[in-house]
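Some notes on the structure that comes next.
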Amino acid sequence: MIVLCAGYLLVFLLLALFYYTVYRPLYSRAFPGELADVISAVLNVKLVELERMVSEEMSTLIAETLSPREQRLAKRNRSRAISDRLAPIEANASLCVAFTRPQVRLLRNKRSVPQSCRRRSRSERDRLLEELFKLSQDCCLLLIFAKAVRVLMPWDRERMIRFHRETVLPEVRDFLRVFVQYAGTFGECERENLLAWLDCWELDEGYC
């Protein structure tokens, strides 16, 4: 009886872990409604600061200028700072999934209609919408995994930093770049707001 109860408890804990780490961020988020609601979640992303935190230059600076005790403290604070700067990106990716899912579903339903019944061909906004949906889903899953890495592997910070620099950051940049491009289809104001809040103007193709 005790073994059975322990088994049920273990299954419940696993289901709860799956719900709060995977299902809830990807599927149970309330529909945000308008693009402005999604844009507001970008506030204080500060992508430049995140790039600096995971850069090789930061690792070199810590290793060469600090004492062993200061290095341990700096590495602990660095991991916390990375988490803080990824938090608004995590929120924004989840909102993007919720914002784009019903619209992508509507697009796919329209695509199933015979060609002769369609009123117009696929637009650039539609293409960006589908790309944004896919990238926001991928980004959500990767950020969940990255959070687990930061929590479960605190003893191997150098590998964790390298993973964030070589894998997480490029994925985040791709996701946010398409988000900026998609927002630009609604007007210059939305694109300007995003670039200002992201603090990373090179995401825009006009500034590359």
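The values are calculated or read from the model by the stated rules, or taken from the named source; none is laboratory data. Keep in mind that this is a model prediction, so the values were computed, not measured. Cβ sites come from the backbone with ideal geometry, for glycine too, and all protein chains shown count toward neighbours. Protein only, heavy atoms only, side chains kept; ligands, DNA and RNA dropped before computing areas. Shrake-Rupley method; radii C 1.70, N 1.55, O 1.52, S 1.80 Å.
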Sorting K134, K147 by accessible area (1.4 Å probe), largest first, what list results? K134, K147
Relative packing of peptides 53-64, 173-184 - highest average C-beta neighbours within 10 Å first: 173-184, 53-64
Please arrange D204, D138 by accessible surface area, largest first, computed with a 1.4 Å probe and ligands excluded. D138, D204
Under a 1.4 angstrom probe, counting protein chains only, how are I89, I144 ranked by accessible area, largest first? I144, I89
